[in-house]
1. Using a Förster distance of 25 Å, how high is the FRET efficiency between residue A:2 and residue A:261, based on the Cβ-Cβ distance and rounded to 0.05?
2. Sorting A:149, A:215 by accessible area (1.4 Å probe), largest first, what list results?
3. Which translational diffusion coefficient, to the nearest whole µm²/s, is obtained for segment A:50-119 from the Stokes-Einstein equation, given a Kirkwood hydrodynamic radius over C-alpha pairs, 25 °C and 0.890 mPa s?
4. Among B:142, A:360, B:106, which residue has its Cα furthest toward the positive end of the charge dipole of the protein assembly as shown, with +1 on Lys/Arg Cβ and -1 on Asp/Glu Cβ?
5. Any idea which of A:110, A:86, A:74 is furthest toward the positive side of the dipole for segment A:62-113, if Lys and Arg beta-carbons carry +1 and Asp and Glu beta-carbons -1?
6. For segment A:16-146, what ratio Rg/Rh do Cα atoms give with a Kirkwood hydrodynamic radius?
7. Could you pull out the pairs from A:9/A:191; A:191/A:261; A:163/B:203 whose alpha carbons sit more than 30 Å apart here?
8. What lysines does residue A:46 reach when the alpha-carbon gap must be under 17 Å and sequence neighbours fewer than 8 apart in one chain are set aside?
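The values are calculated or read from the model by the stated rules, or taken from the named source; none is laboratory data. Nothing here was measured: the structure is a model prediction, and the numbers come from that model. Positions of Cβ are backbone-derived with ideal geometry, glycine not excepted, and every protein chain shown enters the neighbour counts. Side chains are part of the model used for accessible areas, which takes the heavy atoms of the whole protein and leaves out ligands, DNA and RNA. Shrake-Rupley method; radii C 1.70, N 1.55, O 1.52, S 1.80 Å.
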Amino acid sequence: MTGRTLYDKLFDAHVVRTESDGASLLYIDRHLVHEVTSPQAFEGLKLAGRQPWRKSSMVAMPDHNTPTTPGFTVITDAVSRTQVETLDSNAAEHGLTYFRIGDMRRGIVHVVGPEQGATLPGMTVVCGDSHTSTHGAFAALAFGIGTSEVEHVMATQCLPQKKSKSMLVRCDGRLATGVTAKDLVLAIIGKIGTAGGTGYAIEFGGDAVRALSMEGRMSMCNMAIEAGARAGMVAYDAVTEAYVQGRPFSPRAEQWDAATKHWRTLVSDVDAKFDHTVVINASELIPQITWGTSPEMVVDVNGRVPDPDREKDSTKREGIARALAYMGLTPNTPMNEIKIDKVFIGSCTNSRIEDLRAAADVVKGRRRADNVKLAMVVPGSGLVKAQAEREGLDKIFTAAGFEWREPGCSMCLAMNDDRLEPGERCASTSNRNFEGRQGAGGRTHLVSPAMAAAAGIAGHFVDVRRLG
Amino acid sequence: MERFTVHTGLVAPLDRANVDTDAIIPKQFLKSIKRSGYGPNCFDEWRYLDVGQPGADNSKRPLNSQFILNEPRYAGASVLLARQNFGCGSSREHAPWALLQNGYRAIIAPSYGDIFHSNSLNNGLLVIRLPEAQVDQLFHDCAAFPGFQLVIDLELQQVRATDARYAFDFEIAAGKRERMLNGWDDIGLTLKHSAEIAAFESKHLAAQPWLA
């Protein structure tokens with residue numbers, strides 16, 4: 001028998017039945033729910049006279065619309081408030097585990113799930129949000145779904161799914177100091193493209209990934225979707241085990257021993273065959289920064305804005321020219337000469353304690369540059385915020401002129417009041433630099449937390465390792 | 001969902017790669033708790049010159065005359081031609097809702113974002129993958145012939161010129177095709193297997209009680 005990939009093991013262990021056309025009915029262990037993509041699903045359930053199949057599989061919290069203003073008590077935007085109140089009442093009606101506004105445990109669903117141990121190795125995890133791929137860092141099969149599928153999972157605990165092809169992204173070597181998981185995943189997206197992973201489940205492996213913390217692995221799996229892959233994952237190891245142990249939803253006592261025995265099998269077999277393998281030399285990598293309106297439009301921090309005239313393919317050439325016009329950039333400009341207006345440190349990609357520590361390390365004892373109008377730090381959850389405050393990180397940020405906010409998705413997608421004005425340029429630790437993503441007309445450059453912090457201090461992009 | 005069998009409609013071209021779901025429907029419209037009303041805000045940031053807000057009267061907003069889908073020749077189009085990786089990014093199902101409510105019944109592109117692709121089929125929006133060369137030809141004909149229409153035939157799995165000069169076959173998963181042809185409720189179909197799901201579940205949770 002040939003070896004199986006981690007993806008094979010996770011998928012096969014959840015197949016309830018397989019149809020003649022190859023589509024399988026996949027059992028879902030964990031369903032994370034937020035306010036934006038669930039109201040129509042709850043309504044559909046009600047209209048059809050159905051009940052959630054297994055309520056204990058659901059964990060819900062508002063995150064996309066919530067204000068980040070320190071000490072806020074009400075949502076002033078009536079439309080946003082209605083959406084959050086709709087989740088309040090749906091959660092109450094069905095008796096779901098719910099972290100409401102004011103609950104310390106509330107935050108971005110992809111930060112809170114792992115933090116609570118609601119995400120466990122071996123699980124199938126879904127959520128009506130494309131960045132659900134984050135949870136794959138725990139050797140789980142996790143992917144984003146649409147609202148019809150949210151309703152489907154609520155009603156049946158299953159989803160019809162066709163098995164994807166498998167891709168191994170092997171990251172050899174070791175990341176240099178000052179180079180992070182974010183830089184690594186941006187480089188991977190630059191290499192394979194935003195459609196490179198379409199139709200695949202990606203496993204991130206190799207020494208550089210093994211050496212990452214769970215926070216770093218989550219940043220990488222989070223952005224698997226930006227490479228087109230619905231799911232990203234990392235094999236189980238001692239790092240996973242140490243993170244999971246002792247969390248509120250984690251198994252205890254004798255269940256812990258049984259669980260870890262099972263979880264230790266959640267690795268690709270040595271003779272497993274992948275449909276495609278990509279190899280990256282992580283040792284050579286330097287900090288990455290996007291210049292355009294797609295995450296694949298990425299260069300080294302020492303690089304320059306590309307010149308469309310050097311691109312032979314006409315669709316690509318037009319794409320570059322259009323992106324540069326939107327971004328207000330001139331071809332061949334060195335990236336480290338580009339000035340910024342705002343800094344956003346946060347999002348489900350980079351708002352965990354390690355991210356905040358890395359950013360605080362850079363800004364400690366320094367001041368935000370005068371041309372930077374706003375630098376905001378948005379922790380991923382109330383518990384991350386409290387931890388950071390225990391470590392004094394909030395004081396470091398505020399002393400440097402960075403704002404310290406309440407948890408939420410915030411300016412990653414700008415559904416609340418945190419947004420860019422037209423033409424504003426932002427160093428952002430989020431995951432998407434699409435047109436208008438952080439506010440209509442806003443210009444986003446994706447970077448690591450340390451690089452975003454460094455840009456906030458220098459007023460322009462700079463290799464954080466040269467900040468001195 | 002609405003049944004889809006054979007549809008003939010005006011074709012509109014959107015000649016750019018990697019059109020993401022943020023572009024198809026910007027975030028401020030995702031605050032709605034309804035399934036309807038997204039049509040006028042489809043491609044909002046490209047379609048209008050101002051910034052749209054939920055609840056605004058879209059008929060009074062200034063249109064961007066440079067945006068190709070605003071050209072009078074494409075008014076009433078129901079088939080959208082697009083480039084690779086259409087619908088990448090966010091999982092928002094508001095994207096297929098906006099496209100459908102803006103009048104599109106089918107999309108033709110070389111490739112799609114995975115989540116958008118399933119969301120679309122789940123809503124009866126037929127997303128068709130054709131090879132790059134065939135998509136090129138359709139873009140060419142769409143530009144060359146005002147009023148260019150296509151026949152989208154789900155029964156025969158075929159995209160045809162109305163004068164039958166050419167017909168391109170396309171692939172679609174058999175189960176998805178059957179559901180769209182009949183307008184079946186996906187959840188209802190899955191619930192037919194309730195007993196099997198329950199049996200799987202009890203075994204699964206007994207073996208791994210920490211999942212319960």
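1. Computed FRET efficiency for residue A:2 and residue A:261: 0.55.
2. Of A:149, A:215, the descending order of accessible area is A:215, A:149.
3. Calculated translational D: 189 µm²/s.
4. A:360
5. After comparing all options, I get A:110.
6. On the way: Rg = 15.5 Å, Rh = 15.7 Å.
A ratio of 0.99.
7. A:191/A:261
8. Output for residue A:46: A:55, B:34.
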